[in-house]
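I have placed the structure first, in the form of structure tokens, so that the comments after it can refer back to it.
Laboratory data are not the source of any read-out in this text; all were calculated from the coordinates shown. What you see is a predicted model; the values in this text were computed from it and never measured. Here the Cβ is made from the backbone with ideal geometry for all residues, glycine too, and neighbour counts use every protein chain on show.
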Amino acid sequence: MQKISDFIFSYPPNLQELDLATMVSMYRDRGEPRRAAPGKYLACAITKKLLKEAKWWFGLYYSQTAWDELLTKGSEGYPLTESELNLLGLIVVSEEPPHREYVEKNIGILPKLAYLIVNDIKQFGFIQEDEHGFLRIAPRGEQALQGIARRIYGKRFMPEMLHAYHQDPSLSKDDKRGNDQATLF
């Protein structure tokens, strides 16, 4: 599926170089306001303008305006990435609620970070987890999924948007129903 925009938050591609404590600390501090030291400035990663105060995301700084523009419709202020799209999307396309472990392994990010993301998305109210570790999407999560899908792909969520779909095409709901007719959309 063709992306129409990369104007989203994204995790650094070399996160695997970090030890667990550093990764957890950076993840927990994302979105925190940072103030430049006296006589120093921070630069916005989007506008490139110098700032005295900015929001922090894994070593990058964003003005409040740029941060707000990166937030997607339905995210309720939560900074969504492709990993969150994959997490929410896997839950939506599964006929039965998927187990947390399956979702963590298939969202296209390091397992340690996937664990943190699942916990945060659950705490934020986008998903629910039962006592056996099975996940369900909440209505708020459905809205967040549609918002990030529209930002990246310009359309409502479809299974073809998933990282795991390209490795396992059986994730398509049409395939699961035994539909042999080619889809035109």
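A few notes on this one:
- C-alpha center-to-center spacing [segment 18-83, segment 88-114] in angstrom: 26
- Per residue, the average separation of C-alpha pairs within less than 8 Å and at least 6 apart gives the chain a relative contact order of 22 percent.
- Between Lys55, Lys40, Lys73, the GNM of the chain built on Cα springs shorter than 10 angstrom shows Lys40 fluctuating the most.
- Charge tally around Pro13: other residues with Cβ under 15 Å, Lys/Arg +1 each, Asp/Glu -1 each, net -3.
- Per-selection metrics, segment 31-70 (Cα): Rg and Dmax in Å: 9.0, 28
- Highest-first packing order for the peptide set 117-126, 1-10 is 117-126, 1-10, based on the mean count of other beta carbon atoms within 10 Å.
- Cross-link pairs Lys3/Lys73; Lys49/Lys73; Lys73/Lys155 - those with Cα-Cα distance over 20 Å: Lys49/Lys73
- 3J(HN,Hα) from dihedral phi, segment 124-139, Karplus parametrisation 6.51/-1.76/1.60, rounded to Hz, x for glycine, proline: 6, x, 7, 9, 10, 10, 7, 5, 9, x, 8, 10, 10, 8, 8, x
- Degrees between helix 20-29 axis and first principal axis of the chain (Cα, 0 to 90, nearest 10): 80
- In the chain, taking the dipole from charged Cβ atoms about the Cα centre, the farthest positive-side position among Tyr27, Ile107, Ser63 is held by Ser63.
- Base-10 log of normalised Debye intensity for the chain (one unit scatterer per alpha-carbon) at q = 0.10, 0.20 Å⁻¹: -0.44, -1.46
- Gyration tensor analysis over the Cα atoms of segment 60-156 returns equivalent ellipsoid semi-axes of 23, 15, 12 Å (largest first, whole Å).
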